[in-house]
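The values are calculated or read from the model by the stated rules, or taken from the named source; none is laboratory data. The shown structure was predicted, so the numbers you read here are calculated from the model rather than taken from an experiment. Because the Cβ atoms are built from the backbone with ideal geometry, glycine has one as well, and the counts that use them run over all protein chains shown. Remember, those area values only see protein heavy atoms, side chains included, never the ligands or the DNA or RNA. Shrake-Rupley method; radii C 1.70, N 1.55, O 1.52, S 1.80 Å.
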Amino acid sequence: GSAEFAFVGTTGNASTQTVGIGGDLIYRPSPWETRLKVTYVRNEAESQLRAQAFVLAARAQRSITPRLAAFGQYGYLRDRFAGISARNSADAGLAFSALASDRQKLALDASLGYANEQRMLGPDLSTGIVGAGGLYTLKLSATSTFTEDGRFVIAMDNSSDWRYTNVAALTARINSLLSLKLSNTIRHLNLPVVGFKSTDAITSVALVAKF
């Protein structure tokens, strides 16, 4: 497991506070693997809340062969500054280990499911979804790792309603407990909420504790 924390604050001519909190827990009782991930970002400027997002992802998968696994997962998103009051999604599918070496790993998956999205403006969304994703891990050195995690989701009833999320991260180990992590998250909605932009990006530098 791991927990991370990032904070930026200014006072004087400008008063701002930005907080980022995250956690990742993986449990592997063979042949199962369960994963829980949570992230929270909050930004306040001049005593006014400017950004706040909460993301939760839970996944359980069971190995079928050394390279193939079946999985089910649940996702929750709350981002009022993107116009989304709450988005709940659940899907199931297959994951394939396309590359597994000491230096590089690539896992691909495809799934079918259902999503319900409550929007602050315009109609809410309830639809079947098709998803595809990939996680690439590159060990740069004995103390540093690069990861690229991308996921594409499209609505079954409207091909224009698709979204893509990408998280790129570089982690450098400081000691056996602590690491420094630089990450960039991009969330793109092809059909955003009325009055909101289609793309959000979050860049952070965080201190990570692993256990």
* Asked: What residue among LEU25, VAL8, GLN61 has its Cα farthest toward the positive end of the dipole of the stretch 1-146, where the charges are +1 on Lys, Arg and -1 on Asp, Glu, each on the Cβ?
  -> GLN61
* Asked: Dipole magnitude of the stretch 58-161 about its Cα centre, charges +1 at Lys/Arg Cβ and -1 at Asp/Glu Cβ only, in debye to the nearest 20?
  -> 380 debye
* For the stretch 1-94, state the semi-axes of the equivalent ellipsoid (square roots of 5 times the eigenvalues of the alpha-carbon gyration tensor), sorted largest first and rounded to whole angstrom. => 36, 16, 7
* Structure fact -> Within the stretch 163-187, the residues whose backbone N lies under 12 Å from a label point placed 7 Å from the Cα of PHE5 along the Cα-to-Cβ direction are none
* Structure fact -> Debye calc, one equal point scatterer per Cα of the chain, no solvent, log10 I(q)/I(0) at q = 0.09, 0.12, 0.18 1/Å comes to -0.40, -0.71, -1.46
* Structure fact -> On the accessible surface of the stretch 1-96, probed at 1.4 Å with all protein chains in place, carbon and sulfur together account for a percent value of 59 percent
* Asked: Rounded to the nearest whole Å², what accessible area per residue is found for the chain with the 1.4 Å probe?
  -> 58 Å²
* According to a simple spin-label model (label point 7 Å from Cα along Cα-to-Cβ), what is the distance in nm between LEU94 and HIS188? -> 2.8 nm
* Using the Cβ atoms and a cut-off under 11 Å, what net charge is assigned to the surroundings of THR171, where Lys and Arg are +1 and Asp and Glu are -1? -> +3
* Structure fact -> With no solvent term and unit scatterers on the alpha-carbon positions of the stretch 17-57, Debye gives log₁₀ I(q)/I(0) at q = 0.19 Å⁻¹ of -0.61
* **Cβ-based net charge around LEU140, under 15 Å, with every Lys or Arg adding one and every Asp or Glu removing one** => +3
